[in-house]
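Report on the structure given below.
The values are calculated or read from the model by the stated rules, or taken from the named source; none is laboratory data. Since we're looking at a predicted model, the values are computed, not measured. Don't worry about glycine lacking a Cβ; one is built from the backbone with ideal geometry, like all the others, and counts go over all protein chains shown. All accessible areas refer to the heavy atoms of the entire protein, side chains included, with ligands and DNA or RNA removed. Shrake-Rupley method; radii C 1.70, N 1.55, O 1.52, S 1.80 Å.
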Amino acid sequence: MILDRIPIDAIGVQERVDRICSRSIKKESKLQALDLALRMMDLTTLEGSDSAGKVRQLCNKAMHPYTELPNIPSVAAVCVYPNRVKLAKEILKDSAINVASVATAFPSGMSSLEIKLDDVRYAVQEGADEIDMVISRGAFLSGDYALVYDEIAQIKEACAHAHLKVILETGELGSLEHVRMASDLAMEAGADFIKTSTGKIQPAATMPVVLVMLQAIRDFHHKTGKTIGMKPAGGIRTSKQAIQYLVMVKEILGEKWLTPDLFRFGASSLANDVLMQWVKEKTGRYQSLNYFSND
Amino acid sequence: MSREQELLIIPKTYKNYVGGAFPRTESGRYYKLNSVDGKHLANVCLSTRKDIRNAVQVARKAQASWQNRTAYNQGQIIYRIAEILSGRRHQFEAELESLGYSKEVAQLELESAIDLIVYFAGWTDKVQQVFGAVNPVASHHFNFSRQEAVGVVGMLAPEAPALLGALAMLLPNMVAGNSSIIIASEKLALPLCTFAEVLETSDVPAGVVNILTGKKEELVGHFVSHMDVDALIADPTLSFELRKELEVGSTSNLKRLHFWATGCTVDEIHSTGKSVIENMAKSAKDPYRILDVQEVKTTWHPISE
């Protein structure tokens, strides 16, 4: 595999992001965007303290985000640790909601390949529909691209029918060039989705990083005809941000990507903000978090 | 033109005070404030719905940490406001005079305002002592009640007195542990705009006090319908239509609505200003207003027989 080093004009990227952020999406189109954002959401809980109760609550929220308004769609997936997959799957079995599991020694990825593969197989066995893996950033940064590539390829194999999302952890990659290179690498190695971050490292998803990743997806599509999905995760807390991301996807990849099959938000607090904005659009009243469930 | 005249006038556009910063109104609109003799004094923001939204957002963020500060620290901060205001009192007096106050009444209002701040600074560590309670119960429990903040409170400052009227609303809320959003007097907005500069330099954490200017008719509706506003304070001199809008709208999320007599008309300031301010200064020192904007939490703690 030949990996091109594609130079990125960071200032140009920022200017493009600024232009995208200045689009005004209001009223009907805002409602549409909110609907889409909610349907694209991977409701996530990745805490060491995640109890069965918390996962149960999250799954119920995924199915019925807000019962007081009709026509509120359910989210795309629930994202949990491997040992909570079984429970989540059980609760969600009658719904169309997928269960995604982080695996491969999440969030650092600092373990042996065997353990990572076992981690993936365990999650798939428990019923995960989607696997969110982390790349070995240490290997990537020291130039050992072949190792990173092989890891992704083998994990893809271990996933069997499950979709593979590859987390680049862009906050640790250092530059946009690295982000672009890691995106290309992950897609070549068989990723179904590329994902910005674990949510455990700051900065998590930022607009310039996502823009570069979307361009990588576009170029990969031109080159191979394959459509790869995108998942920004971490740090997206407001509907406004979410809508800006949607605008960016539409402008760079086109309408085809505006579906939960090809674009996801990894978030936990975003759902409540989307719901609050939704109710605001419907009732004209600004909302309070007091009236929305915590998880 | 003499040198003094050349130097004196630098008209200024006053901005809102939100989250410890001075943002322009999102709408970009403003209105002109004129002195009593018709001179253009300043431009002042005509705030809108979104300014209220932004203010509520920062007020909500700031509220918990303000409530959780020690009473001692809250007292220090409120006292600091008095210190800074005292140092700038001549500027305030001049502003009041330009708005038609007599020199005597302007001085009286400043004196009363500073006195009121010091008075409420003293209340921070006394609220629990005076209004908290240990309750007798018929079981083996140690049962006690303490006062807690209600949350984010909106205030419609009376048209006059320009400074004292707003402070009489703000101070009990600060002591209660609430964060505040004040809509300033429309005709006499200037002193409260300048007061924002006092707050900004006196250790009040960002977002605990927010000041907006504009037309109350345009803003009241957005205030009452906002689900994240927990209480509203207004003055009985408010027009009947606006009072009605407050009463009806506040039912949305069962906001507490209180009418505190902290104001008068601008004409009254001109005619009987001295006695009005004197009365205001007295009635503003009502500690029960703190309770209006608090909730009571009662705890049952089991004890052995």
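Within segment B:193-231, being acidic (D, E) and either more than 15 Å from A:R285 (Cα to Cα) or out of contact with any strand residue (DSSP E or B) (no Cβ under 7 Å at 6 or more places or on another chain) (or both) holds for B:E197, B:E200, B:D203, B:E217, B:E218. Counting only residues that are assigned to a strand (DSSP E or B) and either closer than 12 Å to B:V296 by Cα or touching a Leu at 6+ places or on another chain (Cβ under 6 Å) (or both), segment B:124-140 holds 1 of them.
Among the residues of segment A:120-165, those identified as open to solvent by 40 Å² or more (accessible area, probe 1.4 Å) and among the charged types (D, E, K, R) are A:R121, A:E126, A:D144, A:D150, A:K156, A:E157. Hey, any hits in segment B:33-56 for a residue that's in contact with a Gly (Cβ under 8 Å, 6 or more places away or on another chain), part of a helix (DSSP H, G or I), open to solvent by 20 Å² or more (accessible area, probe 1.4 Å) and under 30 Å from A:Y286 (Cα atoms)? Checked segment B:33-56: at least one residue is in contact with a Gly (Cβ under 8 Å, 6 or more places away or on another chain), part of a helix (DSSP H, G or I), open to solvent by 20 Å² or more (accessible area, probe 1.4 Å) and under 30 Å from A:Y286 (Cα atoms).
If the condition is being more than 10 Å from every other protein chain (Cβ to nearest Cβ), buried (at least 19 other Cβ atoms within 10 Å of the Cβ) and free of Cβ contacts under 8 Å to residues at least 40 places away in the same chain, then segment A:263-295 contributes A:N272, A:D273.
Assess whether A:I201 counts as being away from chain B (no Cβ under 14 Å), among the aliphatic types (A, V, I, L, M) and surrounded by fewer than 19 Cβ atoms within 10 Å (Cβ to Cβ). So A:I201 fits the description; yes.
The listed residues are B:G177, B:G165, and the only one of them that is open to solvent by less than 30 Å² (accessible area, probe 1.4 Å), touching a residue at least 40 places away in the same chain (Cβ under 8 Å) and farther than 22 Å from B:R89 by Cα turns out to be B:G177. Taking segment B:238-255 as the range and being charged (D, E, K, R), touching a strand residue (DSSP E or B) at 6+ places or on another chain (Cβ under 9 Å) and either within 14 Å of chain A (Cβ to nearest Cβ) or surrounded by 17 or more Cβ atoms within 10 Å (Cβ to Cβ) (or both) as the test, the residues that pass are B:R243, B:K255. Here the condition is being out of contact with any Gly (no Cβ under 9 Å at 6 or more places or on another chain) and within 20 Å of A:G53 (Cβ to Cβ); of A:L117, A:L69, A:L92, it holds for A:L92 alone.
Here is a yes/no grid of residues against (1) in a strand (DSSP E or B); (2) open to solvent by less than 40 Å² (accessible area, probe 1.4 Å); (3) closer than 18 Å to A:L270 by Cα; (4) among the charged types (D, E, K, R):
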| position | (1), (2), (3), (4) |
| --- | --- |
| A:G12 | no, yes, no, no |
| A:R16 | no, no, no, yes |
| A:I25 | no, no, yes, no |
| A:S29 | no, no, no, no |
| A:A37 | no, yes, yes, no |
| A:D50 | no, yes, no, yes |
| A:E90 | no, no, no, yes |
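Do we have B:D235 as buried (at least 20 other Cβ atoms within 10 Å of the Cβ), away from chain A (no Cβ under 14 Å) and among the acidic types (D, E) here? So B:D235 fits the description; yes. Hey, does segment B:279-291 have a residue that's over 19 Å from the mean Cα position of the chain (by Cα), of a type in the set (D, E, K, R), open to solvent by 20 Å² or more (accessible area, probe 1.4 Å) and modelled with pLDDT of 95 or more? Scanning segment B:279-291, I find no residue that is over 19 Å from the mean Cα position of the chain (by Cα), of a type in the set (D, E, K, R), open to solvent by 20 Å² or more (accessible area, probe 1.4 Å) and modelled with pLDDT of 95 or more, so the answer is no. Could you tell me which residue of segment B:216-232 is most open to solvent (accessible area, probe 1.4 Å), considering only residues that are aliphatic (A, V, I, L, M) and part of a loop (DSSP other than H, G, I, E, B)? Only one residue tops the list, namely B:M227. The condition (being surrounded by fewer than 16 Cβ atoms within 10 Å (Cβ to Cβ), small (G, A, S) and within 14 Å of another protein chain (Cβ to nearest Cβ)) is satisfied by just one residue among B:A64, B:A94, B:A21: B:A64.
Based on this model, can you work out whether A:T196 counts as among the β-branched types (V, I, T) and open to solvent by 40 Å² or more (accessible area, probe 1.4 Å)? No. For segment A:233-261, the tally of residues that are in contact (Cβ under 8 Å) with a residue 60 or more places away in the chain and either open to solvent by less than 10 Å² (accessible area, probe 1.4 Å) or hydrophobic (A, V, I, L, M, F, W, C) (or both) stands at 8.
Rundown of residues vs (1) modelled with pLDDT of 95 or more; (2) farther than 18 Å from B:L199 by Cβ, yes/no style:
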| residue | (1), (2) |
| --- | --- |
| B:Y79 | yes, no |
| B:A82 | yes, no |
| B:L85 | yes, no |
| B:R88 | yes, no |
| B:E93 | yes, yes |
| B:S98 | no, yes |
| B:V105 | yes, yes |
| B:L108 | yes, yes |
| B:L116 | yes, no |
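Here's the yes/no breakdown for (1) within 17 Å of A:S101 (Cα to Cα); (2) part of a helix (DSSP H, G or I); (3) in contact with a Phe, Trp or Tyr (Cβ under 6 Å, 6 or more places away or on another chain):
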{"residue": "A:E151", "(1), (2), (3)": "no, yes, no"}
{"residue": "A:K156", "(1), (2), (3)": "yes, yes, no"}
{"residue": "A:H161", "(1), (2), (3)": "yes, no, no"}
{"residue": "A:K165", "(1), (2), (3)": "yes, no, yes"}
{"residue": "A:H178", "(1), (2), (3)": "no, yes, no"}
{"residue": "A:S183", "(1), (2), (3)": "no, yes, no"}
{"residue": "A:A186", "(1), (2), (3)": "no, yes, no"}
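Residues that are open to solvent by 60 Å² or more (accessible area, probe 1.4 Å) and touching a residue at least 40 places away in the same chain (Cβ under 8 Å) within segment A:55-66 comprise just one, A:Q57. Among the criteria (1) hydroxyl-bearing (S, T, Y); (2) at positive phi; (3) open to solvent by 40 Å² or more (accessible area, probe 1.4 Å), the one A:T104 does not fulfil is (3).
For B:L219, indicate whether it is at pLDDT 95 or above and away from chain A (no Cβ under 14 Å). No: the conditions fail for B:L219.
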